[in-house]
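One structure is given below, encoded as structure tokens.
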Amino acid sequence: MIDPMLSPEIPSPSYVCEEAKLKRNLELMARVQQQSGCKIILALKGFSMWSTFDLVGEYLHGCTASSVWEAKLAKGEMGKEVHAYAPAYKPEEITELKQLVNHISFNSLTQWQRYKSEFVATDISPGIRVNPEHQEAETELYDPSAPGSRLGIRAADLEGQDLSGIEGFHVHNLCECDSFATERTIKAVEEKFGKWLPGLKWINLGGGHLMTKAGYDVEHLISVLKTFREKYDVELILEPGSAVAWQTGPLVCEVVDIVENQGPIAILDISATAHMPDVLEMPYRPVVRNAGEPGDKAYTYKLGGNSCLAGDVIGSYSFEQPLQPGDRLIFEDMIHYTMVKTTFFNGVQHPHIGILKEDGQFKLVKSFSYEEFRARLS
């Protein structure tokens, strides 16, 4: 069977969302919602491919936004609930968000006190982000509960404070975690913030619940969420990003040249720094379809990007056959937390965006032009 990602209909480079896989993830989330009584919304910071929002909106309740622009995207392209949280808001941002959101969470008590009067007698439900000081994320760059974090209010700093008007707590400390991390986080929240929980209308447990990953204990998650929700009689909200688009599509690219320097180096038509920056930032090693670790297979190559950054290197991989210019490589799982971080650095060609439909047809939904690169500059 020919790999559909090798079809000449798919231009290189391209991010390709596989509709059937996205739908499968959403169906699982619909089951979690139905059986636990929680509400799941899409975190746009992880997946903002709005050409899929008609499908996503059939299953999820809406979106959560980290900025005015994300809130506009949620309101304009999905048109369902819009929740917002940001580390800080300017007055002009509050003015815009009031026309867009249903929920808003503040990162500090000073921000809440500054804008409290804006939300009196409105239909917008305000909350604050709390920091349970409970660490689960393996990478410090993505750990909101790391010591010295700027994100969320510690329990000690809530003591004696006037929380009148606050309807919800927002908690986010997970990153691609399992259901047992969720359970431990809930216990930490109860231990530190238990006195305030009975008076709330909603609790948002943030993202990082990787329920669509193979092996995730979905039944345990459902049980944990249902118990917590019923205990405090609150609306319980989850806002995953990665889990929605987990394993739903690759970044397709091709070899442009082979150079030699202490071994063969394949120059690709993509860039690590511009098109998958987490490879350098976390760092992490992406999976390449049908490739192995260095030396596992007959031919090992260092894979390099097409920018002039010296460190624009993805890593070394081995292949059954020698690579040649024009050969295609497929980087797995590049839809979530990748497309949202891309840049036009160096003016290199930005990957196209497309959807592999359930019927096997490829739909090109976006190609980037020089004019869009020029518009980013001045």
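The values are calculated or read from the model by the stated rules, or taken from the named source; none is laboratory data. Worth saying up front: this structure is predicted, and the values here are computed from it rather than measured. Virtual Cβ from ideal backbone geometry, glycine too; neighbours counted across all protein chains shown.
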Can you go through Val101, Val16 and tell me which one is at pLDDT 95 or above, crowded, with 19+ Cβ neighbours inside 10 Å and either part of a strand (DSSP E or B) or of a type outside the set (Val, Ile, Thr) (or both)? Val16
Within the group Pro8, Pro13, which residue is within 25 Å of Leu251 (Cα to Cα) and without any contact (Cβ under 8 Å) to a residue 12 or more places away in the chain? Pro8
Which of the residues belonging to region 173-194 are closer than 21 Å to Asp233 by Cβ and in contact (Cβ under 8 Å) with a residue 24 or more places away in the chain? Thr182, Glu183, Thr185, Ile186, Ala188, Val189, Lys192, Phe193
When only residues in region 197-217 that are surrounded by fewer than 18 Cβ atoms within 10 Å (Cβ to Cβ) and out of contact with any strand residue (DSSP E or B) (no Cβ under 9 Å at 6 or more places or on another chain) count, which is nearest to Ala43 (Cα to Cα)? Lys213
Applying the selection to region 71-89, what residues are in a helix (DSSP H, G or I) and under 15 Å from Ile237 (Cβ atoms)? Ala74
When the residues of region 247-292 are filtered to those that are in contact with a Phe, Trp or Tyr (Cβ under 8 Å, 6 or more places away or on another chain) and part of a helix (DSSP H, G or I), which remaining residue is modelled with the lowest pLDDT? Asp278
Consider Lys21 carefully, then state whether it is in contact (Cβ under 8 Å) with a residue 60 or more places away in the chain and within 17 Å of the chain's Cα centre (by Cα). yes
Residue under question is Arg154, and the condition is that it be charged (D, E, K, R), outside the structural domain of Tyr337 (by TED's automatic domain parsing), surrounded by fewer than 16 Cβ atoms within 10 Å (Cβ to Cβ) and within 23 Å of Ser242 (Cβ to Cβ); does it hold? no
Could you say whether any residue in region 351-366 is within 23 Å of Ile265 (Cβ to Cβ) and of a type outside the set (Gly, Ala, Ser)? yes
Can you work out which of the residues in region 266-315 that are surrounded by fewer than 18 Cβ atoms within 10 Å (Cβ to Cβ) and among the polar types (S, T, N, Q) is nearest to Thr248 (Cα to Cα)? Asn290
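A quick yes/no check of all residues on (1) assigned to a helix (DSSP H, G or I); (2) crowded, with 22+ Cβ neighbours inside 10 Å; (3) at pLDDT 95 or above:
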| site | (1), (2), (3) |
| --- | --- |
| Trp69 | yes, no, yes |
| Ala121 | no, no, no |
| Gly127 | no, yes, yes |
| Ser145 | no, no, no |
For Glu58: the one exception among (1) surrounded by fewer than 23 Cβ atoms within 10 Å (Cβ to Cβ); (2) touching a residue at least 40 places away in the same chain (Cβ under 8 Å); (3) in the same structural domain as Arg150 (by TED's automatic domain parsing); (4) in a loop (DSSP other than H, G, I, E, B): (2)
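Yes/no matrix, rows are residues, columns are (1) at pLDDT 95 or above; (2) in contact with a strand residue (DSSP E or B) (Cβ under 7 Å, 6 or more places away or on another chain); (3) crowded, with 17+ Cβ neighbours inside 10 Å; (4) outside any loop (DSSP other than H, G, I, E, B):
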residue: Ser318; (1), (2), (3), (4): yes, yes, no, yes
residue: Pro322; (1), (2), (3), (4): yes, yes, no, no
residue: Tyr337; (1), (2), (3), (4): no, no, yes, no
residue: Thr343; (1), (2), (3), (4): yes, no, no, no
residue: Gln349; (1), (2), (3), (4): yes, no, yes, no
residue: Gly354; (1), (2), (3), (4): yes, yes, yes, yes
residue: Glu358; (1), (2), (3), (4): yes, no, no, no
residue: Leu364; (1), (2), (3), (4): yes, yes, no, yes
So which of Ile203, Ile237 ends up being in the same structural domain as Leu44 (by TED's automatic domain parsing), in contact (Cβ under 8 Å) with a residue 60 or more places away in the chain, assigned to a strand (DSSP E or B) and under 20 Å from Ser145 (Cα atoms)? Ile237
Kindly establish whether Leu141 is touching a residue at least 60 places away in the same chain (Cβ under 8 Å) and either small (Gly, Ala, Ser) or surrounded by fewer than 18 Cβ atoms within 10 Å (Cβ to Cβ) (or both). yes
Output yes when any residue across region 336-355 is under 21 Å from the mean Cα position of the chain (by Cα), among the small types (Gly, Ala, Ser) and closer than 22 Å to Leu22 by Cα, and no when none is. yes
Scan region 156-175 and tell me whether some residue there is assigned to a helix (DSSP H, G or I) and modelled with pLDDT of 95 or more. yes
